[in-house]
Amino acid sequence: MTDAALPPHCTLRLATPADAALVQAQRDAMFVDMGSDPARLAAVHDAGVSWHARTLAAGTYTGLLIEGGGEVIAGAGILWTDLPPNADTTATTRAYVLNVYVQPAQRGQRLARALMQAALAECRARGVDIVTLTASDAGRPTYEALGFTPQAELKLLLTGGTP
């Protein structure tokens with residue numbers, strides 16, 4: 001992992017299972033920034049910490065953290081999924097980027113871009129050639145500048161009734 005794209009006061013490191021609560025706290029803050037209900041996020045916080053600890057330990061999730069001034073100021077994650085080959089790839093591992101978050105006071109330093117570049121480098125190193133993510137309005141320009149294109153995706157919540 002390289003720190004080349006980071007401001008001089010920052011370093012990039014991998015998250016460990018011990019970072020699970022921090023990663024979940026960033027995820028909660030990310031969703032609050034996007035308008036989610038903090039009470040609903042609080043209700044799933046502990047389950048999220050457990051999920052991050054488990055998947056970090058198992059290697060099915062890779063966390064990337066940027067430290068600056070003695071604290072973690074930004075982070076992102078990659079969920080590795082096993083899917084069959086298709087017309088776009090013979091590879092059976094795909095990457096889903098999630099949890100991209102930069103503390104508000106640290107925004108404007110291109111930290112999200114640096115996290116994405118590190119994530120894409122990790123994907124290339126693992127032979128992954130399809131990377132997907134769900135973009136917030138704020139993040140969309142960063143992702144599009146890196147070459148991501150909109151895709152058709154549908155969502156159905158199977159709670160509260162049957163369609």
**Request:** Quick one: pull the percent of accessible area on the chain belonging to carbon and sulfur, 1.4 Å probe, ligands and nucleic acids left out.
**Result:** 56 percent
**Message:** Could you tell me the center-to-center distance, by alpha carbons, between segment 3-59 and segment 138-157 in angstrom?
**Reply:** 20 Å
**Message:** Can you tell me how segment 1-151 classifies by the Cα gyration tensor, rounded, prolate or oblate, using a/c under 1.5 as the rounded cut?
**Reply:** rounded
**Request:** Indicate the gyration tensor shape class of segment 12-83 (rounded, prolate or oblate), computed on the Cα atoms with a ≥ b ≥ c the square roots of the eigenvalues: a/c under 1.5 is rounded; otherwise a/b larger than b/c is prolate and the rest oblate.
**Result:** oblate
**Asked** Could you give the accessible area per residue of segment 56-163, probe 1.4 Å, as a whole number in Å²?
**Response** 58 Å²
**Prompt:** In debye, nearest 20: dipole of segment 33-90 around its Cα centre with unit charges on the Cβ of K, R (+) and D, E (-)?
**Reply:** 160 debye
**Request:** Determine the order of HIS9, HIS45 by accessible area, beginning with the largest, at a probe radius of 1.4 Å.
**Result:** HIS9, HIS45
**Item:** the chain - charge dipole about Cα centre, Lys and Arg +1 at Cβ, Asp and Glu -1, debye rounded to 20
**Value:** 100 debye
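The values are calculated or read from the model by the stated rules, or taken from the named source; none is laboratory data. Just so we're clear, the structure is a prediction, and the values are computed from it rather than from any experiment. Here Cβ is always computed from backbone atoms with ideal geometry, including for glycine, and neighbour counts include all displayed protein chains. Surface areas here come from the heavy atoms of the whole protein model, side chains and all, with no ligands, DNA or RNA. Shrake-Rupley method; radii C 1.70, N 1.55, O 1.52, S 1.80 Å.
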